[in-house]
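Take a look at the following structure, please.
Every number here is computed from the coordinates shown, using simple stated rules; none is lab data. All values reported here derive from a predicted model rather than from experimental measurement. Glycine gets a Cβ as well: all are built from the backbone with ideal geometry, and neighbour counts include every protein chain shown.
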Amino acid sequence: MNFRSQSEVKIAEELDKRGICFFPNSALRLTTKKGRENKEPDFFVLYNKKYAILEVDGISHTSERRVEKQERERDFEINGMRIFRFDSNQCYNNPSLVVDEFLELLNNI
């Protein structure tokens, strides 16, 4: 599996340890304002017949990057996918709590 950061590795290990189905950095084919496009969420997670995206957020240095993230997030949401974002440091230092919170949020969808 390919990961973009050690924080993503920690989250993947935690999801794996719990036997949760997930797709890391996999292309999803979506309809966007520009037409059909591929988008790659950090984790597309399936759990208890529900699904959502878990994003590991590092530092965004520019406002342009933040706008890009917001547009990307809207593309997922327009296609019926919920996104939950977690700080990279939190994912690295406490992946168990991040996954607990993510699963709680997912269960409440």
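Give me the extension gain from residue 97 to residue 5: residue separation times 0.36 nm, minus the current Cα-Cα distance, reported in nm with one decimal.
Working: separation 92, 0.36 × 92 = 33.12 nm, distance 1.82 nm.
Difference between extended and current length: 31.3 nm.
Obtain the radius of gyration and the Kirkwood radius of the chain from its C-alpha atoms and give Rg over Rh. Show your work: numbers first, answer last.
Details: Rg = 13.6 Å, Rh = 14.3 Å.
The Rg/Rh ratio comes out at 0.95.
What is the sum of charges, Lys and Arg at +1 and Asp and Glu at -1, for the other residues whose Cβ falls under 11 Å from the Cβ of residue 27? Before the final figure, lay out each step's value.
Working: positive: 29, 39; negative: 37, 40.
Result for the local shell: 0.
Starting with the fewest neighbours, write out 81, 1 ranked by other beta-carbon atoms found within 10 Å of each beta-carbon.
Taking fewest neighbouring Cβ atoms as first place, the list is 1, 81.
If each residue's Cβ is checked for other Cβ atoms within 10 Å, how do 50, 39 rank with the fewest at the top?
The order, fewest Cβ neighbours first, is 50, 39.
Counting other beta carbons within 10 Å of each residue's own, what order do 53, 11, 109 fall into, fewest first?
Sorted ascending by nearby Cβ count, the order is 109, 53, 11.
Let me ask something else about it. Quick one: how many lysine pairs in the chain have C-alpha atoms under 23 angstrom apart, if they're 8 or more apart or on different chains?
For the chain, qualifying lysine pairs total 10.
Moving to a separate point now. Considering only DSSP beta bridges whose two residues both sit in the chain, what percent are antiparallel, to the nearest 5?
Beta bridges within the chain, antiparallel portion: roughly 75 percent.
Taking the Cα atoms only, what angle lies between the long axis of helix 6-17 and the longest principal axis of the chain, rounded to 10 degrees?
In the chain, helix 6-17 runs at an angle near 60 degrees to the longest axis.
Now for a separate question. What relative contact order, as a whole-number percentage, does the chain give when Cα pairs under 8 Å and 6 or more residues apart are counted? Don't skip to the end; give the middle numbers.
Working: 151 pairs, mean separation 31.3, N = 109.
In percent, rounded to a whole number, it is 29.
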